[in-house]
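The structure under discussion appears below in the form of structure tokens.
Every number here is computed from the coordinates shown, using simple stated rules; none is lab data. Quantities reported herein were computed from a predicted structural model and do not represent experimental measurements. Please note: Cβ atoms are built from the backbone with ideal geometry, for glycine as well, and neighbour counts cover all protein chains shown.
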Amino acid sequence: MEIRLLTSKDAKTYWTLRLEALKNHSEAFLSSYEESVQRENPVEQTARNFTAKGNYTFGAFAKGELIGMVTLLQEERIKVRHKANIFAMYVTPSKRGIGAGKALLTAAINKARDLSEVEQINLNVTASNHSAKQLYANLGFKQFGLEKKALKINEKYYDDAYMVLHLKKEK
């Protein structure tokens, strides 16, 4: 398995996997599949995102096929520049259990450690997604909050757990 930063050349493949994620696990993402397929020029927008300052999207490849992804996004504003966020974490179901998720998150964490200003990484995860929460906890993330009814999909509510990984010792 190969883990690497995605480039604009990967945008089309990424977008295909992103749509799979939104379709199969709507409760795990703020974006909806229905809204996403209606976007104008999504591949071009994705390619631009891959080159944006503070935006790092990693892909996991097995035999040349993109099987997983995660985005680390550093905050831009001065008062919160010490934070980065994990978004769009996904591994295709047929490739789960081979360590792709852990490898992707480790790459994102290591990138955050390389960014001198970043002191903590935040993420939110569907509270009922125990395997994802366990993966995050195994990598050092701690839950600090729970938002009840964070998402509403087809009259069903989903809670979000908020987690943080502190990269630097508190002073």
- Message: For the structure I just gave you, tell me whether residue 102 is over 15 Å from residue 6 (Cβ atoms), touching a helix residue (DSSP H, G or I) at 6+ places or on another chain (Cβ under 7 Å) and either free of Cβ contacts under 8 Å to residues at least 60 places away in the same chain or charged (D, E, K, R) (or both).
- Response: yes
- Scan of the stretch 1-44 for residues that are part of a helix (DSSP H, G or I), of a type in the set (A, V, I, L, M) and closer than 24 Å to residue 107 by Cβ, ordered by number: 11, 17, 19, 21, 22, 28, 43
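Pick from the stretch 4-43 the residues that are charged (D, E, K, R) and within 22 Å of residue 64 (Cα to Cα): which of them is nearest to the chain's Cα centre (by Cα)?
18
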- Item | Residues within the stretch 122-132 that are over 13 Å from the mean Cα position of the chain (by Cα) and not small (Gly, Ala, Ser), tallied | 2
- Task: Please find, among 165, 139, 115, the residue that is surrounded by 17 or more Cβ atoms within 10 Å (Cβ to Cβ) and either in contact (Cβ under 8 Å) with a residue 24 or more places away in the chain or of a type outside the set (A, V, I, L, M, F, W, C) (or both).
- Result: 165
- Task: Sort out which residues of the stretch 79-99 are outside any loop (DSSP other than H, G, I, E, B) and more than 13 Å from the chain's Cα centre (by Cα), and write them in order of number.
- Result: 79, 80, 83, 93, 94, 95
